[in-house]
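Okay, so here's the structure we're looking at.
We did not get these values from a lab; they are worked out from the coordinates using the rules stated. Keep in mind it's a predicted model, so treat the numbers as computed, not measured. Heads up, the Cβs are rebuilt from the backbone with ideal geometry, glycines too, and the neighbour counts pull from every protein chain shown.
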Amino acid sequence: MSPLFRARLPALLAGIGLTAWLALPGPLFAQQAAPEIKPEIQDQLPEMGTAAGATLSLADEYSIGRMVMRGLRDSGRILEDPETNEYLQSLGLRLSSLAQSGNRDFTFFLVNDPTINAFALPGGFIGIHSGLLLETRNESELAGVYAHEVSHVTQRHIARSIEDQSRTSLVSTAATLAAILLSAVAGVGPDATMGAIATAQGLAAQSQLNFTRENEYEADRVGIGLMANAGFDPNGMADFFGEMGRRTQLSPDWVPELLKSHPVTSARMAEAKGRAAQYPPVIAHDSMSYAITRERVRVLTTPSGRDPRDYYVSVNDNEADSSVAQIYGKALAQFMAGDTAHAIPTFEHLVAAHPEVMQFHTALGQAQLAAGDNKAALNTLERARELAPRNVPVTIRYAQALLQAGRPKRAHEVLLDLFNNVPPSPEQIRLTALAANQAGDVADAYSYMAEYHIMDGDLPLAMNQLELALSVPSITDVQRARYSARLTELREAMPKRGPQPPAPGGSQPPRS
Ligand SMILES: [Zn+2]
């Protein structure tokens, strides 16, 4: 096995003063556009001075956002589900790719939280709560929330808000983040790191609450334009915020988190409605993926101790009485409750009737796997791969089936192919490392974990993993050259004042 990494370390964006400590490498894997921010574009952005006289660059924003993401991921609040992520990412990119600074990377993710909220972190990380997704009545309403948050990012409201309201706080956060990097290098325990992440999260929450009214109007205005251009009903944003506002008036005790940061005033609604009316009317049809993902999230976020089947008691199994999404949701609930005997025939029926919907194939494959029928699961997922090569959820479910069927070599192969061709999520890299490890490709497993830590911004841990990879006696010359080159890149990316890394190759045992 000789994996060819397409990933590369993008040029470091230079920072000055404290911000230099924040300027970790940008995203390794572009979500869509190139990860580097082209200098000429950065020059067009408004000048933003900080108390330290430095600039909160896009790289700084990304580093802060990534830090918060790491905290969210470590606390288990992010729903790591390939099928859900695939849909949210494609919906979000449909909007963000039309934004003026659409060359920026966006990561759209779901937070497992029943409250109704959405937020944009510095660096283009946009989260919505499962409660909000379930509360939307159509895809244009969901697109409206995304378009609004995307616009906060592209208009750089977050950076401005951080700087306007908390110059000292920015400096102390930068100092705290610098301390994390130092403590990581020095091997200080995780408590200090968690404290610093909490600070960064507090900063994000604070900035979320303190967008100016002008910022909100601008995010509405820019967002409505994005929606119209992407083919959604531009009324979707006002519809959703308006409905939330109406329900709050009916029961004043019920105020969604989203409305605390986004007060719905009649002036704001009138402006949003008027803005939407300037675009030609659109009859937007919800995608099948929207309806299915809503049911999937409903089932996957069922609180523990509750039976996901309860919601679907009144849903019949035929399409005359129920929507396809409801039938899927009911079968998924049965599968989650361990009732594969009922779930499998329904999924088989859905695959036969709608072969273009990959979520039906992966659900069937997973249910067959759970029922212990590895052969049927592999057949189902192989067929799905033929229909949609390199589809991320299909490949991940196929690899999981291969692992369960005792074929880790093949699992490593298909995941490596995906890794080399599609920007991976951290969870995906972890699965790839697991497959490599089970296949006996231990050195590759270490090198994947290095990539995982690089995505997390933890360069010392990444370097440690590469040193472990280099210490595996059986590695080939090609592997040695690749790991060494990567290690050198990381050493050069490390903050200058950290302890000096060992000389290249210093940790290698003699080759056997
Ligand atoms: Zn807003």
- prompt: Amide H to amide H under 5 Å from Phe125: which residues, 5+ apart in sequence or cross-chain, H placed 1.01 Å off N in plane?
  reply: Thr107
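Most exposed first by the Cβ proxy, i.e. fewest other Cβ within 10 Å, how do Val255, Val68 rank?
Values: Val255 15, Val68 23.
Neighbour counts put them in this order, fewest first: Val255, Val68.
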- request: Beta carbons within 10 angstrom, averaged per residue: use that to sort the peptides 226-238, 475-487, 330-342, highest first.
  value: 226-238, 330-342, 475-487
message: Viscosity 1.002 mPa s, temperature 20 °C: give me the Stokes-Einstein translational D for the stretch 339-386 in µm²/s, with Rh taken as the Kirkwood radius over C-alpha pairs.
response: 209
- line: Here the stretch 450-463 yields Karplus 3J(HN,Hα) values (6.51, -1.76, 1.60; θ = phi - 60°; whole Hz; Gly and Pro given as x) of 4, 5, 4, 6, 5, 4, 7, x, 9, 5, x, 5, 4, 5
message: To make sure I understand, if each residue's beta carbon is the centre and we count other beta carbons within 10 Å, what order do Arg407, Arg296 fall in, fewest to most?
response: Arg407, Arg296
message: Whole-Hz ³J(HN,Hα) for each residue in the stretch 358-363, computed from phi via Karplus 6.51 cos²θ - 1.76 cosθ + 1.60 with θ = phi - 60°, x for glycine and proline: what do you get?
response: 5, 4, 6, 4, 5, 5
- prompt: Which values of log₁₀ I(q)/I(0), to two decimal places, follow from the Debye formula for the stretch 288-493 at q = 0.11 Å⁻¹ with a uniform point scatterer at every Cα?
  reply: -0.61
